[in-house]
Amino acid sequence: MTNKNSFNLLELSKLINTKLIGDGKAIVDNLSTIQDANESSITFISNTKYSKHLKTSKAKAFIVHPNILEEGIEANFLVSEDPYLAYAIASSFFKPNESSRKSESIHPTASISDDIKLGKNVSIGPNVYIGPNCTIGDDSSIKANTSLVSNVHIGKDTHVHNGSVLGSDGFGYAPSPNGYVKIEQLGNLIIGSSVEIGAGCTIDRGAIGDTIIQDGVKLDNQVHIAHNVELGKDSAIAACCAIAGSSVIGNNFRMGGLSGVLGHLSIADNVTVGAHTLITKSISKSGEYIGIMPAQRPKDWAKSSIFIKRRK
């Protein structure tokens, strides 16, 4: 859908709380990368390595940090101490209009149990399945091909993207001489308000107690959270991460892609885990944690592994 929004720079600078340097009457009608910008684009620089494109970019205006102004380039600037945040706010003003979407809509292909409770202005997309004992709060949306299996309770202004499975059975089996005996999953999945769950995520409901995703959590695509995990407020997890069962994660937890947390651990508030890191022990102090082994040729890796063993 074509975006029809346009702003003069003085107006936009006020909307995104930036300082304008340049022509306040100049008009922008699209948000673009610095390399692909056209004469009516606004773009941003949050990483200084892209400042080299300032001289060649066709953009009408640039959202930048004050340090970028030292380049001495004459252009229209919207200056912010946090240009990435300013860009994030600006993106909402250039989002394509969705006038065809009703304020409250349930697609006719959705399959919904009789006992669910829906708040106001809830949107449910094509081929969505919502099983028994589920609730969805006001202003929330469930995108196409998503399943809420059972016992899922979602807060306000929470959005679940395509193909996610929420409230599925956790991985619970008791070994016996005759094979594995399934442990029935009897708990709930409780998801707070202002949560965003990416495409293809899977979050299990609790085995006996509840799996809890607190307010403000943001999950990228293909994240798995096992049964009885508690994930703290305002946490953000990148793609292809997994958290094993019964771990309790503090607030503002940040997790790089392809990382994991083992089960039954406790993680303090304000912990950041680097990409491709496995957390194997509880963490009691906030800070950054990373455990990456750079890729090597097989012979070099064999030598490195011997050295690591000797360091134990």
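The values are calculated or read from the model by the stated rules, or taken from the named source; none is laboratory data. Keep in mind it's a predicted model, so treat the numbers as computed, not measured. Cβ coordinates were reconstructed from backbone atoms using ideal geometry, including for glycine residues, and neighbour counts include every protein chain displayed.
Which ones in region 149-194 are in contact (Cβ under 8 Å) with a residue 24 or more places away in the chain and among the aliphatic types (A, V, I, L, M)? Spell out how you get there, then give the answer.
So the first thing to find is which residues in region 149-194 are in contact (Cβ under 8 Å) with a residue 24 or more places away in the chain, and the list is 149-172, 183, 185, 187-194.
Listed by number, the residues that qualify are Val149, Val152, Ile154, Val160, Val165, Leu166, Ile183, Leu189, Ile190, Ile191.
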Requested in this report: Kindly list, by first and then second residue, each pair from a residue in region 282-310 that is farther than 28 Å from Gly263 by Cα and modelled with pLDDT under 85 to a residue that is hydrophobic (A, V, I, L, M, F, W, C) and surrounded by 10 or more Cβ atoms within 10 Å (Cβ to Cβ), limited to pairs with Cβ atoms under 7 Å and residues at least 6 apart or on different chains.
Outcome: none
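Each row is one residue, and each column tells you yes or no for (1) buried (at least 19 other Cβ atoms within 10 Å of the Cβ); (2) farther than 14 Å from Tyr84 by Cβ; (3) touching a Phe, Trp or Tyr at 6+ places or on another chain (Cβ under 8 Å); (4) of a type outside the set (Ser, Thr, Tyr).
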residue	(1), (2), (3), (4)
Asn30	no, yes, yes, yes
Thr33	no, no, no, no
Asp36	no, yes, no, yes
Phe44	yes, no, yes, yes
Asn47	no, no, no, yes
His53	no, yes, no, yes
Lys58	no, yes, no, yes
Phe62	yes, no, yes, yes
Leu69	no, yes, yes, yes
Query raised in the report: What pairs can you find where one residue is in region 56-82 and at negative phi and in the same structural domain as Ile34 (by TED's automatic domain parsing), the other is among the basic types (Lys, Arg) and at pLDDT below 95, and their Cβ atoms are less than 8 Å apart, with a gap of 6+ or different chains?
Result: Ile73/Lys55
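Of the residues Ile190, Ile154, Ile203, Ile208, only one is more than 13 Å from the chain's Cα centre (by Cα), assigned by TED's automatic domain parsing to the domain that holds Val248, of a type in the set (Val, Ile, Thr) and modelled with pLDDT under 95; which? Even if it seems obvious, please write down each step before you answer.
Working: Ile190 fails: modelled with pLDDT under 95; Ile154 fails: modelled with pLDDT under 95; Ile203 fails: modelled with pLDDT under 95.
Checking each option against the conditions leaves just Ile208.
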Requested in this report: Take Ile89 and decide whether it is within 27 Å of Asn30 (Cβ to Cβ) and either in contact with a strand residue (DSSP E or B) (Cβ under 7 Å, 6 or more places away or on another chain) or touching a residue at least 60 places away in the same chain (Cβ under 8 Å) (or both).
Outcome: yes
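Among strands (runs of 3 or more DSSP E) lying entirely in region 76-172, which contain 2 or more residues that are of a type outside the set (A, V, I, L, M)? Before you say what the answer is, go through the steps one by one.
Values: elements: 76-79, 152-154, 165-168.
Ranges flagged: 76-79, 165-168.
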**Report entry** Check on Lys25, basic (Lys, Arg), surrounded by fewer than 18 Cβ atoms within 10 Å (Cβ to Cβ) and in a helix (DSSP H, G or I)
**Finding:** no
Query raised in the report: Which residues, taken from region 203-246, are of a type in the set (S, T, N, Q) and in a loop (DSSP other than H, G, I, E, B)?
Result: Gln214, Asn221, Gln222, Asn228, Ser235, Ser246
Query raised in the report: What number goes with the only condition from (1) over 20 Å from Ile89 (Cα atoms); (2) of a type outside the set (Val, Ile, Thr); (3) in contact (Cβ under 8 Å) with a residue 12 or more places away in the chain that Lys49 does not pass?
Result: (3)
Query raised in the report: Out of curiosity, is Gly250 surrounded by fewer than 17 Cβ atoms within 10 Å (Cβ to Cβ) and free of Cβ contacts under 8 Å to residues at least 40 places away in the same chain?
Result: no
